[in-house]
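Please read the structure below before turning to the comments.
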Amino acid sequence: MLACHWILLAQPEVRADARNLAGRKRVGAVTPRQVETSRDKSGPGDLLGPQQRITAPEPSARERRPSSLRLATGASAHHAEGLSITADPRTSTCRLTSRDHRRTKGDRPCDLQAGAGAPPDPQTTTADVPELLISINDLRSVLLYICTDLLRLERQRMPGGPPLVLLWFLVFVLANGQMEDKPTARPIFTRRPFIVAWNAPTQDCRPRFGVQLNFSLFDLQASPNEGFVDQNLTIFYRERLGRYPYYSAQLEPINGGVPQNSSLMEHLDELQNGIDQYIRSLDKEGLAVIDWEDWRPNWVRNWQTKDIYRKASRQLVRDRNPKWRDEQVEKQAIYEFETSAQEFMVNTLRKAKNYRPRQLWGYYLFPDCYNHDYSNNAESYTGRCPDVEESRNDKLAWLWRESTALYPSIYLDRTLASSENGRKFVRARVNEAMRIAKRHHQDYSLPVFVYTRPTYNRGLELLSEKDLVYTIGESAALGAAGTIFWGDANYTRSKETCGLIKDYLDQDLGRYIVNVTKAAHLCSTVRCHGNGRCLRQNNHSNAYLHLNSASFRIERQGSGSQLEAVGEPSPADLDQFWTQFQCQCYVGWHGGSCENKIGAKAQVEVEEGTSCLLQVNAARMSTWLWNEHSRGGIPRGSGDYRILRVEKP
């Protein structure tokens, strides 16, 4: 048992030893063609430069060759029969069938508990097994396999002991590498893990000034202006959706001014008209963003110019209760405002989702981080969201539960241009959105689409190359589902401004978009089997989803054609995906590389051969089976299992 305690405490060393002994080849991963190329460290200066077309490497002949396995049920009664099994972890039964499918042995019990079967010969070494496939976690898995039995036996002797319960829990967690992240919604539109959208009113550049803008690099392009309907991205400003209560610039109350003084019923009745006007297709997929910025549902956050909503709320209470003390008025005003704000926002989402269920509904600028203190504390700025603001965001759990997407903002002020503070600012805001997305939505993590701009705030100065990394690059590396470029009418006020945007799209911005989207897609394919998106293992590292400039070129294939990434990844490029990124699986998939389909049966062909350790996932509880594996390679089926280790007899 002391050895088991050591194993539990020494996980980093065990992982390091496993890596040194076994190399880096992983089961189920795309194996790169063995091209010996050195990988340069690419900084921002390499990200827009040259690139061979990205092609997923073909599996080798050995990987393509079907293999057969034989179930080892303790005795070797079926050792030479060449049987296939269908193992159902949920019923703990196995159906054995001959390879020619003419003989069926029927269903029989199948021990899926930890410790079933016998481990391989401990004298076997990696040098004895040329086809040994082992990941970083394999040595840990074998050791934990033994510890699980020991702990189970000790637990039977001393049931209910708190230390044993804790150790049992640790074994379960460590056997899976870590507690699996909550899955996220599958991508929409192109089904790519990271999309980029253009949502600026630049449609006038061609008719007014003869400047043609190329938006072919974007997964979607939409205008926020009035008159553009049934787009893939729709912004509902306050006058476009129901009867939103607010105060005008002249401090005149519109629709009652504050939510508790407005009619929710009239608002919801009117809401359908706005949805019908702007999203006309009932089953259309899209992003639906509600842009209500006049007041905030947290009372305390209505500061500065928004204090009018607190004053109006107090006055409504005071008018009804003129003899109340100020403390009583304040308490009642807070209650009435926050309760009504919640009802307005929640019921708006519910009705909108009912009308257009395939749209991803959410509020712009939610969640916010309020980490704008870089102006006063540039030297000591950390970027962190204040603890009190994270707590206030948690109090909006009712909002996150009803949302189907989050739309935070990372607009950069000029004072943050090309600075480390700019990166800190963005990183904290995206991390907070990802935290909310995982913590407060039932069953799955909400997709996060980050609003940014091609220019700095309040001007037409274009983002530097470094700030493209700090905005788009940060968002992709932290696991966002995409970025949305928003802009205003200033972009099209003259031929010069239209030309400025055109050159940016054709050069720096276009090249970086190709770089990040291709790298994100490649990582998803290689690291996550295409069933999840890559995000940093360490949220605060500087690892980015970038193509290596030594392996790729970004260029146009013909005159006037769009930019493309040309090349193929080196082994070192692919290794970076494994060492610096992890997978967030899409709904319906799980496992460290999203290789397991939830609810699938483990179907493995078996015949005599080498020992094979299978990890079978049943309701996300990992157990182990020692089975037999032929010398013909690894099956690449879609069953709810993965092969952890192969040993030569």
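The values are calculated or read from the model by the stated rules, or taken from the named source; none is laboratory data. Remember, it's a predicted structure, so these values are computed and weren't measured experimentally. Cβ sites come from the backbone with ideal geometry, for glycine too, and all protein chains shown count toward neighbours.
In table form, for the structure just shown:
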{"read-out": "Residue pairs meeting the criteria (Cβ under 8 Å; at least 6 apart or on separate chains; first part of a helix (DSSP H, G or I), in the range 302-321; second among the small types (Gly, Ala, Ser))", "value": "Tyr309/Gly257; Arg310/Ala333; Ala312/Gly257; Ser313/Ala333; Arg314/Ala333; Leu316/Ala333; Val317/Ala333"}
{"read-out": "Of the criteria (1) basic (Lys, Arg); (2) under 26 Å from Ala197 (Cα atoms); (3) buried (at least 18 other Cβ atoms within 10 Å of the Cβ), which one Arg243 fails", "value": "(2)"}
{"read-out": "Residue in the range 375-388 that is at pLDDT 95 or above, out of contact with any helix residue (DSSP H, G or I) (no Cβ under 6 Å at 6 or more places or on another chain), assigned to a helix (DSSP H, G or I) and within 21 Å of Thr455 (Cα to Cα) present", "value": "no"}
{"read-out": "Subset of the range 257-282 [surrounded by fewer than 19 Cβ atoms within 10 Å (Cβ to Cβ), small (Gly, Ala, Ser) and over 35 Å from the mean Cα position of the chain (by Cα)]", "value": "Ser263"}
{"read-out": "Residue ID - nearest to Leu365 (Cα to Cα), chosen from residues in the range 473-488 that are hydrophobic (A, V, I, L, M, F, W, C) and in a helix (DSSP H, G or I)", "value": "Ala476"}
{"read-out": "Failed condition for Ala197, given (1) touching a Pro at 6+ places or on another chain (Cβ under 6 Å); (2) small (Gly, Ala, Ser); (3) modelled with pLDDT of 95 or more", "value": "(1)"}
{"read-out": "Leading residue by the ranking (farthest from Val289 (Cα to Cα)) among those in the range 203-224 that are polar (S, T, N, Q) and within 30 Å of the chain's Cα centre (by Cα)", "value": "Asn214"}
{"read-out": "Some residue of the range 336-352 being acidic (Asp, Glu), buried (at least 16 other Cβ atoms within 10 Å of the Cβ), modelled with pLDDT of 95 or more and outside any helix (DSSP H, G or I)", "value": "no"}
{"read-out": "Test: residue in the range 523-534 that is crowded, with 23+ Cβ neighbours inside 10 Å, assigned to a helix (DSSP H, G or I) and small (Gly, Ala, Ser)", "value": "yes"}
{"read-out": "Yes/no for Asp276 being out of contact with any helix residue (DSSP H, G or I) (no Cβ under 7 Å at 6 or more places or on another chain), among the acidic types (Asp, Glu) and part of a loop (DSSP other than H, G, I, E, B)", "value": "no"}
{"read-out": "Matching entry among Asp283, Asp291 (being charged (D, E, K, R) and in contact with a strand residue (DSSP E or B) (Cβ under 9 Å, 6 or more places away or on another chain))", "value": "Asp291"}
{"read-out": "Qualifying position, being part of a loop (DSSP other than H, G, I, E, B), under 24 Å from the mean Cα position of the chain (by Cα) and polar (S, T, N, Q), among Asn538, Asn515", "value": "Asn538"}
{"read-out": "Single condition Glu285 does not satisfy, out of (1) within 34 Å of the chain's Cα centre (by Cα); (2) under 14 Å from Ala341 (Cα atoms)", "value": "(2)"}
{"read-out": "Unique match (being of a type in the set (Phe, Trp, Tyr), surrounded by 22 or more Cβ atoms within 10 Å (Cβ to Cβ) and part of a helix (DSSP H, G or I)) among Tyr491, Tyr504, Tyr470", "value": "Tyr470"}
{"read-out": "Scan of the range 473-488 for residues that are farther than 16 Å from Pro201 by Cα and either surrounded by fewer than 24 Cβ atoms within 10 Å (Cβ to Cβ) or modelled with pLDDT under 95 (or both), ordered by number", "value": "Leu478"}
{"read-out": "Residues satisfying the stated conditions in the range 193-221, i.e. among the aliphatic types (A, V, I, L, M), within 19 Å of Gly473 (Cα to Cα) and part of a loop (DSSP other than H, G, I, E, B)", "value": "Leu217"}
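Condition check ((1) over 30 Å from Lys424 (Cα atoms); (2) aromatic (Phe, Trp, Tyr); (3) touching a Phe, Trp or Tyr at 6+ places or on another chain (Cβ under 7 Å)) across all residues:
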residue: Ala520; (1), (2), (3): no, no, yes
residue: Gln537; (1), (2), (3): no, no, yes
residue: Phe552; (1), (2), (3): no, yes, no
residue: Gln557; (1), (2), (3): yes, no, no
residue: Ser570; (1), (2), (3): yes, no, no
residue: Gln580; (1), (2), (3): no, no, no
residue: Val587; (1), (2), (3): yes, no, yes
residue: Gly592; (1), (2), (3): no, no, no
residue: Glu595; (1), (2), (3): yes, no, no
